[in-house]
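The values are calculated or read from the model by the stated rules, or taken from the named source; none is laboratory data. Since this is a predicted model, take the numbers as computed values, not measurements. Here the Cβ positions follow ideal geometry from the backbone for every residue, glycine too, while neighbour counts run over all protein chains shown.
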Amino acid sequence: MNSTNTYIEKNKERFINELFELLRIPSVSADPKYKNDVIKTADAVKEKLIAAGADKVEICPTAGYPIVYGEKIIDAKLPTVLVYGHYDVQPADPLELWHSGPFEPIIKDGNIYARGACDDKGQMFMHVKAFELMMKTNSLPCNIKFMIEGEEEVGSDNLGTFVKQNKEKLKADIILISDTGIIANDIPSITVGLRGLSYLEVEVTGPNRDLHSGLYGGAVANPINILCKMIAQMKDDKEHITIPGFYDDVEILSAEERAEMAKAPFKLDEYKKALDLSDIHGEEGFSTNERNSIRPTLDVNGIWGGYTGEGAKTVIASKAFAKISMRLVPHQNSDKITELFKKYFESIAPKSVKVKVTPHHGGEPVVTPSDSVAYKAASMAMETTFGKKPIPVRSGGSIPIVAMFKSELGLDSVLMGFGLDSDAIHSPNEHYGVFNYLKGIETIPYFYKYYAELSI
Ligand code: BES
Ligand code: MN
Ligand code: MN
C-alpha cells in the first residue's frame, strides 16, 4: 500500500467526522433565514484550511456571502492549481420527504445522507483533505490556491466581481473543480461541458382583484388558464422550443462527435426504472444523453396562483406566476436568450391580460478542452485509482462561473467530480457515497503529481 492509501486508511473516520461538522451547518444561500449559518460555514471552512496547512487563509467579504481564500505557494516555478468549490447548499424542502434530518448527517448503506453531502460540501472538502494529505506526507508537487464561495446555488453574482477585482491574487495555471459527477463507480468520467442558464419569473395579471368564478367565469380572462396556454405554446409537438431565434446559435455537433458521445455506457431501461417512468420524453431526433447535454431546454420550475388550500374555493385569481428556466448549449448567450424569451412571451399574451417578465441570474455554457495537459493529468489520476480510463462527457448541469473563469482569468477548468446522478442533489435525501468521498481524496493527489510531471 502506498503512502496516500495508508494515510487515508488511518484517517478516514476523522475525514468523515469533519465533513459531518460542515454538513450540520445549514448553509442555504437562497433563504435569508440561514444568513448566520452560511457565514458560520465560511468560518468553518477557513478553520479547516488553516488546520490542513494553508497560508494566508482569509474570509473575503463580498456584497453577499464571503469567499474563503487560502493558498500554499511552495515554489514560484511550479505550476499553480486554483481549486474552486462552494460551501452553500440548496434549500432542503420538501422536508417531509427526507428519511433523516437534512442537516443531521448519517451514514446508511455506505452513503452519507445530508443536504450538501455531494453538492458541494462533500466534494469541496475532498480537496481540503487531499491537500492535508499531501502536506502531511510531504508530497505536494504544485502550488495551490483555494477559492470556496457561498453563493453558487444563487448564481455566483458576487464571485464574478471578486474574480474581476482579484486577478493577480487568483493567478494560476489551471482551475480544478469537483462539483460534477461520474457515470458510475466502475465507469469513471470527466465532465468536459456544462450548459448555461437563463432563468426568469413571469407574472400574468387578469382582473384587478380575485373574482367569484360563477359571476365572472367565462367572461374575463383567467390568468392561470392563460399562463398555462402560453407555456404550452412555447414548445411544439416535437418538443422544439418555439421562441423565434432560440436555436440560431446552437452548436451543431458533427455525426462523428455524436457517435463518439453515444459510446458512453447508458441503459435506458435502468434510467426509466430509477425514475419510475414508463416512458421517456424529449426533443425528437435526439437520444436521452443528447437531450440532457448538447440540446437546450425550456422548463417550468414552479407555477402558482389562485386557491391551493384545503377544499374548494370558486375563484378566478387576479394573478398567476411561474418560474421558468432554459438550459443553454455552446454559442447561445444567456442575455440574448432571456431577451428573446421576454419578447416572445409578451408577443403571445392576449390583450385580456398584462404580463411582466423578470430575469433572474443567468450563466454561459462552456466546453473545456479534453486534449490539454490538465485533462491528461486528471485522466491519468482517475485511471490510477479507478483502474479504468475515464470517459469525457458533457453534462447538462450548470456552473456559471466556469465560463467566467475562462473569459476573465483566461483559465480553463478541469471538472473532476465524483458524484452520481443518483445522489439526489437538490432533492430530498441527497447523499454521497463514502466510496466516492474517499476515492476523491485518493485521486486528487495523483492529479497534482501528474500535472506537475506533465507540466515540466
Ligand atoms: N454542482 C451543480 C451543477 C452540476 C451538478 C453540474 C452535477 C454537473 C453535474 C451546481 O451546484 C448547480 O446546482 N448549479 C445550478 C446552477 C446555478 C446557477 C443555480 C444548476 O445547474 O441548476
Ligand atoms: Mn454544486
Ligand atoms: Mn447545486
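Just a few scattered comments:
- The single condition from (1) free of Cβ contacts under 8 Å to residues at least 24 places away in the same chain; (2) exposed (fewer than 15 other Cβ atoms within 10 Å of the Cβ) that Phe286 fails is (2).
- From the list Asp179, Asp210, the lone residue that is away from ligand 2 (no atom under 16 Å from the Cβ) and of a type outside the set (A, V, I, L, M) is Asp210.
Every residue, every condition in (1) touching a residue at least 12 places away in the same chain (Cβ under 8 Å); (2) hydroxyl-bearing (Ser, Thr, Tyr); (3) over 18 Å from Leu19 (Cβ atoms), yes or no:
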{"position": "Pro91", "(1), (2), (3)": "yes, no, yes"}
{"position": "Ile106", "(1), (2), (3)": "no, no, no"}
{"position": "Asn138", "(1), (2), (3)": "no, no, yes"}
{"position": "Val163", "(1), (2), (3)": "yes, no, yes"}
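- Filter pass, Ile224 being surrounded by 16 or more Cβ atoms within 10 Å (Cβ to Cβ), more than 13 Å from ligand 1 (Cβ to nearest atom) and either within 27 Å of the chain's Cα centre (by Cα) or not assigned by TED's automatic domain parsing to the domain that holds Ser370 (or both): yes
- Options Val355, Val393, Val414, Val402; residue that is in the same structural domain as Asn222 (by TED's automatic domain parsing) and either closer than 30 Å to Glu9 by Cα or touching a residue at least 12 places away in the same chain (Cβ under 8 Å) (or both): Val355
- Total residues in the range 131-151, condition touching an Asp or Glu at 6+ places or on another chain (Cβ under 8 Å) and buried (at least 24 other Cβ atoms within 10 Å of the Cβ): 5
- Picking from residues in the range 302-330 that are part of a loop (DSSP other than H, G, I, E, B) and hydroxyl-bearing (Ser, Thr, Tyr), the one that is surrounded by the most Cβ atoms within 10 Å (Cβ to Cβ) is Ser318.
- Meets criteria (assigned to a loop (DSSP other than H, G, I, E, B) and in contact with a strand residue (DSSP E or B) (Cβ under 6 Å, 6 or more places away or on another chain)) for Ala172: yes
- Ile243 being assigned by TED's automatic domain parsing to the domain that holds Asn333, part of a loop (DSSP other than H, G, I, E, B) and within 30 Å of Val366 (Cβ to Cβ): yes
- The single residue among Ala63, Ala30 that is assigned by TED's automatic domain parsing to the domain that holds Phe162 and surrounded by 13 or more Cβ atoms within 10 Å (Cβ to Cβ) turns out to be Ala30.
- Residue in the range 96-104 that is crowded, with 24+ Cβ neighbours inside 10 Å and either touching a strand residue (DSSP E or B) at 6+ places or on another chain (Cβ under 8 Å) or under 17 Å from Ile16 (Cβ atoms) (or both) present: no
Let's see how each residue does on (1) within 30 Å of Pro428 (Cβ to Cβ); (2) within 16 Å of ligand 2 (Cβ to nearest atom); (3) modelled with pLDDT of 95 or more:
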residue	(1), (2), (3)
Gly110	yes, no, yes
Lys121	yes, yes, yes
Phe125	yes, yes, yes
Leu133	no, no, yes
Asn143	no, no, yes
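- The residues listed here are Ala172, Ala232; of these, the one that is within 29 Å of the chain's Cα centre (by Cα), away from ligand 1 (no atom under 16 Å from the Cβ) and surrounded by 16 or more Cβ atoms within 10 Å (Cβ to Cβ) is Ala172.
- Filter result for the condition that a residue is away from ligand 2 (no atom under 16 Å from the Cβ) and touching a Pro at 6+ places or on another chain (Cβ under 7 Å), over Asp75, Asp31: Asp31
- Count of the range 175-207 residues which are more than 9 Å from ligand 1 (Cβ to nearest atom), in contact with a strand residue (DSSP E or B) (Cβ under 8 Å, 6 or more places away or on another chain) and acidic (Asp, Glu): 2
- Of the criteria (1) buried (at least 24 other Cβ atoms within 10 Å of the Cβ); (2) touching a helix residue (DSSP H, G or I) at 6+ places or on another chain (Cβ under 7 Å), which one Leu78 fails: (1)
- Residue check, Val89 crowded, with 24+ Cβ neighbours inside 10 Å and away from ligand 1 (no atom under 16 Å from the Cβ): no
- Of all the residues in the range 392-425, those that are in contact with a Phe, Trp or Tyr (Cβ under 8 Å, 6 or more places away or on another chain), away from ligand 3 (no atom under 16 Å from the Cβ) and β-branched (Val, Ile, Thr) number 1.
- Screening the candidates Ala349, Ala320, Ala312 for the property of being touching a Leu at 6+ places or on another chain (Cβ under 9 Å) and assigned by TED's automatic domain parsing to the domain that holds Val202 yields one hit, Ala320.
- Out of Ser178, Ser156, one residue alone is crowded, with 24+ Cβ neighbours inside 10 Å, closer than 30 Å to Lys336 by Cβ and in contact with a helix residue (DSSP H, G or I) (Cβ under 8 Å, 6 or more places away or on another chain). It is Ser156.
- Odd one out for Ala117, checked against (1) on the phi > 0 side of the Ramachandran plot; (2) within 16 Å of ligand 2 (Cβ to nearest atom): (1)
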